[in-house]
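Enquirer: Structure provided below as structure tokens; questions to follow.
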Amino acid sequence: MNGNRHQARKPGPKEDTVDPRYMVPGLSRGLNVLALFTRATPALSLVDIARGTKLSRSAAYRLIYTLDKDGFVRRDEETRKYRLTSKTLSLGFEYLHSQAITEIAQPYLRSLSGRAAAAAYLAILDGWHAVYLARAMPAVGLVGNLQIGARLPAHMTSSGRVMLAFQDDAQLADIFRRLEREGRDVECPAWQNFCTLARADRRRGYVFHRSILDPGLVSLACPIRDHASATIAAVTVIVPENASDAFGGEKALRPLVADIAAEISVRLGYRG
């Protein structure tokens, strides 16, 4: 017998083998910096970034400085800590649509839009902005011109207000400080009024709102909760005021939106 007949074949390279010739270390390090920002650690100092990336402070500073100037992070002048901006959203915009919340919500938004003859939206809170991730439009035609990816001042929209309502006191105060600093072209209410409105919205459990940004439109929003009972998003219907009145107004819209928000919440693990 041929002694080499059963000789093992030399294994080829594994699919996940990294070829250093094609790696761009600077890009890899920059992405690692972005990955340090999480829900648990939304604000990081230069020391935190250097420690998390195992780089020197000078190397970490060059990375975070570049990300800051490119608009992916911003530096809080008071705390000297960095936070992600919503520009990061644009990096993975298509990826967002593959995520559980948008994927789960889309058929419910279509159902809500059809039943209410209104535009239905899914929004999340990003700092002091409500950011709209998904929508469904009624067959009767376009209702407003709010596009997916739009960012609006949270305190001026029903979806934003209902999400603000369920933030804890520390989170609400942080959002207000950021609004004061950054919202130069936005009407900022007094802190007391900001809190009073949030508390009233929380007691009510939903927000019915006549649009300030698009006069003639009304909207109604309810919160979406996750497995930990945290408010992570909002579902909203937007409709011309005369159509809302004909449909039955706030009284008729509220149970429709509340039921859809509750169904999405259950799909996300919420158990009341």
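Enquirer: If I go through region 149-172 residue by residue, how many of them are within 12 Å of the chain's Cα centre (by Cα), assigned to a loop (DSSP other than H, G, I, E, B) and free of Cβ contacts under 8 Å to residues at least 40 places away in the same chain?
Expert: Counting residues in region 149-172 that are within 12 Å of the chain's Cα centre (by Cα), assigned to a loop (DSSP other than H, G, I, E, B) and free of Cβ contacts under 8 Å to residues at least 40 places away in the same chain gives 1.
Enquirer: Answer yes if at least one residue in region 242-261 is closer than 25 Å to residue 107 by Cα, assigned to a strand (DSSP E or B) and among the hydrophobic types (A, V, I, L, M, F, W, C), and no otherwise.
Expert: So far as region 242-261 goes, no, none of its residues is closer than 25 Å to residue 107 by Cα, assigned to a strand (DSSP E or B) and among the hydrophobic types (A, V, I, L, M, F, W, C).
Enquirer: Out of 218, 239, 235, 266, I need the residue that is in a helix (DSSP H, G or I) and β-branched (Val, Ile, Thr). Which one?
Expert: 266
Enquirer: Please find, within region 124-146, the residue that is surrounded by the most Cβ atoms within 10 Å (Cβ to Cβ) out of those that are touching a Leu at 6+ places or on another chain (Cβ under 7 Å) and closer than 15 Å to residue 237 by Cβ.
Expert: Per the criteria, the residue is 130.
Enquirer: Quick one: in region 188-203, of everything that is in contact with a helix residue (DSSP H, G or I) (Cβ under 9 Å, 6 or more places away or on another chain), free of Cβ contacts under 8 Å to residues at least 24 places away in the same chain and open to solvent by 70 Å² or more (accessible area, probe 1.4 Å), which residue is farthest from residue 121 (Cα to Cα)?
Expert: So the residue we want is 191.
Enquirer: Continuing with the same structure: Filter region 84-122 for residues that are small (Gly, Ala, Ser) and at pLDDT below 85; which is farthest from residue 32 (Cα to Cα)? Let's see the steps before the verdict.
Expert: First, the residues of region 84-122 that are small (Gly, Ala, Ser): 86, 90, 92, 98, 100, 105, 111, 113-114, 116-120.
Those still in the list that are at pLDDT below 85 too: 86, 90, 92, 98, 100.
Values: 86: 18, 90: 18, 92: 15, 98: 22, 100: 24 Å.
My answer is 100.
Enquirer: Does region 147-158 contain any residue that is at pLDDT 90 or above, in contact with a Ser or Thr (Cβ under 6 Å, 6 or more places away or on another chain) and buried (at least 17 other Cβ atoms within 10 Å of the Cβ)?
Expert: Yes, there is a match, as at least one residue in region 147-158 is at pLDDT 90 or above, in contact with a Ser or Thr (Cβ under 6 Å, 6 or more places away or on another chain) and buried (at least 17 other Cβ atoms within 10 Å of the Cβ).
Enquirer: List, please: which pairs have Cβ atoms under 8 Å, are six or more places apart or on different chains, and start with a residue in region 250-272 that is farther than 16 Å from residue 113 by Cβ and end with one that is charged (D, E, K, R)?
Expert: Listed pairs, sorted by first residue: 265/225; 265/226; 268/225; 268/226; 269/226; 270/225; 270/226.
The values are calculated or read from the model by the stated rules, or taken from the named source; none is laboratory data. All figures in this text were calculated on a predicted structure; none of them were measured in a lab. Here Cβ is always computed from backbone atoms with ideal geometry, including for glycine, and neighbour counts include all displayed protein chains. Just so you know, the surface numbers come from the protein's heavy atoms only, side chains and all, with ligands and any DNA or RNA stripped out. Shrake-Rupley method; radii C 1.70, N 1.55, O 1.52, S 1.80 Å.
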